[in-house]
1. Counting only heavy atoms of protein chains, what accessible area per residue, in Å², does the chain have with a probe of 1.4 Å?
2. Using a 1.4 angstrom probe on heavy atoms only, work out the carbon and sulfur share of the accessible area of the chain in %.
3. Just check the chain against the gyration tensor rule for me: Cα atoms, a ≥ b ≥ c as the square roots of the eigenvalues, rounded for a/c under 1.5, and otherwise prolate or oblate depending on whether a/b exceeds b/c.
4. Compute the FRET efficiency between Tyr186 and Lys31 as 1/(1 + (r/R0)^6), taking r as their Cβ-Cβ distance and R0 = 51 Å, and round to the nearest 0.05.
5. Using the basic label-point model (7 angstrom from Cα toward the beta carbon), what is the Arg236 to Leu72 distance in nanometres?
6. Can you pull out the chymotrypsin sites (Phe, Trp or Tyr not before Pro) in segment 63-145 that DSSP calls coil and that have at most 13 other Cβ atoms within 10 Å?
7. Report the gain in length on full extension from Ala88 to Glu139: 0.36 nm times residue separation, minus Cα-Cα distance, nm rounded to one decimal.
8. How far, in nm, would the chain grow between Asn55 and Cys43 when pulled straight, counting 0.36 nm per residue and subtracting the alpha carbon separation?
Amino acid sequence: MTKKNKILMLLVLLMTSSLAFSKPEQITLKKQNISVLQNQQLCELLSEHCQEKPNWALYKTAQQQYYLIDHLKLYQLKNENKNWHIQAKWDFSDYPAETQTPHWAKFQQDDQKNLSIFPKLFPVSATEYAIAIVGSWSEGYSGGGMGEEVADFLKIKNNGQYMQLFQNIPLSMYRMVRACFSEADYEEAQGKCHDEAHLATEIEYVKSGTWKIKYYFEIDYSPASDSLAKSFKQHRVLILDRNHANAIQLPQAWLDN
């Protein structure tokens, strides 16, 4: 074998190895503006949804694939010769999300929870993806408020079927509590008159059926706060590989603040 052939063979091996160990990536659904013509075409395609003004959103992926989210319905669409065709449809309208519970919100009744589809596809394996059904709670305070989200992840199949993959996974939280109530408080706070806390999440594919979740928590107290606790930032990396309502356990210090 000549030196040139050896180099070519080495390059082929390196490329093959790279492909073999590359991990599938999340697919972000980028929201699109719907033109008057497109809206008319979509109404013809989904006539049952256009009896009233539809509250849907059209998305496009980097792979040039289109998706339409209509509340708890997800459509995979194809635009061919300026005509829309349905390639797949998933209806989550009857999905119960019974195990979804908030960690910070005080109200836990189902009628105070809103369900929605998160516009992203999360890899389950090299060829399979999951969608997140997000439960959200919100509360209003005097001079503040909070919002919290948890998610059930459902593996979707091409025939419109789906199965639960993970449940009750904390996604995000933001809370703002008023700390200034007097002139002295305002003077002490110097413009920072709220205690603020938030939780952020990053999800990373590890292997088939296994994800790594990175949690970032921060709480920042106002100088005028009556809390005796101190502001802090922390992060945790947790492995998610089983379907259980309590599979993710957040640090108690986060929940108490």
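1. Dividing the accessible area of the chain by its residue count gives 61 Å².
2. Working: 7730 of 15550 Å².
The value for the chain is 50 percent carbon and sulfur by accessible area.
3. On the way: a/c = 2.12, a/b = 1.36, b/c = 1.56.
Oblate.
4. Step by step, r from the Cβ atoms, then E = 0.80.
5. About 2.9 nm separates the two model spin labels.
6. Details: sites: Tyr66, Tyr67, Tyr75, Trp84, Trp90, Phe92, Trp104, Phe107, Tyr129, Trp137, Tyr141; in loops: Phe92, Trp104, Phe107.
Counting only loop positions with at most 13 other Cβ atoms within 10 Å, the chymotrypsin sites (Phe, Trp or Tyr not before Pro) in segment 63-145 are Phe107.
7. Details: separation 51, 0.36 × 51 = 18.36 nm, distance 3.64 nm.
Difference between extended and current length: 14.7 nm.
8. Working: separation 12, 0.36 × 12 = 4.32 nm, distance 1.16 nm.
Computed gain between Asn55 and Cys43 is 3.2 nm.
The values are calculated or read from the model by the stated rules, or taken from the named source; none is laboratory data. Here the structure is a predicted model, which is why all the values come from computation and not from measurement. Reconstructed Cβ throughout: ideal geometry from the backbone, glycine too, with neighbour counts over all protein chains shown. Ligands, DNA and RNA are stripped out before the accessible areas are found, and what is left, the full protein with its side chains, is counted by its heavy atoms. Shrake-Rupley method; radii C 1.70, N 1.55, O 1.52, S 1.80 Å.
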